[in-house]
């Protein structure tokens with residue numbers, strides 16, 4: 001227990017250092033980080049529960065929410081989710097994890113945000129120059145988790161992040177750290193995670209190169225010296241999650257789960273997510289939740305979803321989950337997740 005307490009205290013101290021900054025209550029800090037696609041949540045199960053998942057994560061989607069949850073998977077697992085995101089943007093997430101028994105669990109994940117080609121427009125050619133460009137964001141992650149005791153789990157993720165637009169790109173390395181602790185109060189679980197702790201990102205490339213005349217008042221000098229415009233460095237969307245989850249009803253036929261998460265991001269105000277799941281014989285699932293309570297100027301709110309688990313043959317289980325999320329004045333977002341346990 002002393003080791004567990006030391007780990008918990010260390011995580012809280014790291015989160016405080018990572019989040020350490022002057023807080024201005026009237027400023028939400030939206031749009032002040034690089035790679036915002038890392039904040040797009042994954043997994044229809046978690047999203048159907050309003051994103052209240054840091055203490056409940058026990059499947060392969062834990063690679064995003066809380067890597068410690070990998071150690072609590074019962075089997076090997078893989079999943080894929082595709083989302084028609086806002087403004088005709090495509091968001092994809094794929095992950096796989098292997099349970100190594102007493103050695104722990106390992107997992108790999110891939111995240112991408114892509115969009116179609118767009119026309120290059122300038123002041124001189126507002127209707128387009130005839131050229132086209134595109135933009136894409138990707139992230140690769142490798143995770144490891146282990147049960148240190150029968151009640152305490154810890155996990156880590158290291159990931160490579162890259163953003164690209166036309167001839168410019170930026171990259172970074174980041175880590176996620178998470179823990180899950182099962183209490184003696186009705187087996188209630190407490191989870192914590194820190195996501196996207198890494199170095200800043202800076203766009204570099206040929207698009208910043210411009211011709212410069214360093215001595216415009218003198219004749220005979222080279223007026224086409226290539227110079228580079230300076231681009232700023234931006235931090236990653238760091239987020240600290242703390243949550244609790246508990247099965248209010250649990251027997252052979254039914255299970256009713258409640259969950260609550262509190263979030264502290266570095267690019268927005270603090271908020272709370274609420275979620276619930278009702279399971280019938282671990283085959284049929286009904287979910288609902290509410291996102292971003294107390295967040296300043298949030299458009300998100302109600303979420304609902306459902307799922308179906310089906311045994312294909314022997315130890316192979318197929319899962320399909322669906323989630324609907326309300327985005328206020330923006331279009332709603334619907335997600336489907338396909339998963340397999342083996």
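Of the beta bridges in the chain, as assigned by DSSP with both residues counted there, near 100 percent are antiparallel. Please list, by residue number, everything in region 173-206 whose backbone N is under 14 Å from a paramagnetic label point 7 Å out along Cα→Cβ of residue 231. Taking a point 7 Å out along Cα→Cβ of residue 231, the residues of region 173-206 whose backbone N falls under 14 Å are 200-206.
Mean separation of Cα pairs under 8 Å and 6 or more residues apart, divided by the residue count, gives region 142-237 a relative contact order of 21 percent. Panel order for 281, 296, 291, by other beta carbons found within 10 Å of each beta carbon, from fewest to most: 281, 296, 291.
A Förster radius of 41 Å, combined with the Cβ-Cβ distance separating residue 182 from residue 330, puts the computed FRET efficiency at roughly 0.60.
Each residue in 233, 298, 109 was given a count of other beta-carbon atoms within 10 angstrom of its own, and listing them fewest first yields 233, 298, 109.
Between the alpha-carbon centres of region 256-319 and region 192-208 there is a gap of 28 Å.
Counted by neighbouring Cβ atoms within 10 Å, the residues 41, 250, 277 run from fewest to most as 250, 41, 277. Highest GNM mean-square fluctuation among 145, 87, 170, for the chain modelled with Cα contacts below 10 Å: 87. Please build a GNM for the chain, connecting alpha carbons under 10 Å apart, and tell me which residue among 306, 128, 328 fluctuates the most. Between 306, 128, 328, it is 128 that shows the largest mean-square fluctuation.
Rounded to the nearest 500, the 222 nm mean residue ellipticity of the chain from helices alone is -2000 deg cm²/dmol, with -39,500 (n - 2.57) taken per DSSP H run of at least 4 residues. Structure remark: mean-square fluctuation, Gaussian network model of the chain, C-alpha springs under 10 Å; the largest value among 134, 99, 273 belongs to 134.
Could you work out the relative contact order of the chain? I mean the mean sequence separation of Cα pairs under 8 Å and 6+ apart, divided by the number of residues, in percent. Computed over the chain, the figure is 19 percent. Here the contact order of region 216-342, divided by its residue count and restricted to Cα pairs under 8 Å and six or more residues apart, works out to 14 percent. Binned at 10 Å from 0, what are the whole-percent values of the Cα-Cα distance distribution for the chain, short to long? Values per bin, smallest distances first: 5, 22, 32, 21, 10, 5, 3, 1, 0.
Look at where the Cα atoms of region 29-89 and of region 102-171 average out, and the two centres are 14 Å apart. Against the chain, whose longest principal axis comes from its Cα atoms, helix 2-19 is set at around 30 degrees.
Bear in mind these aren't lab numbers, they're just calculated from the coordinates by the rules spelled out. Here the structure is a predicted model, which is why all the values come from computation and not from measurement. A quick note on method: Cβ atoms are made from the backbone with ideal geometry, for glycine too, and the neighbour counts reach across all protein chains shown.
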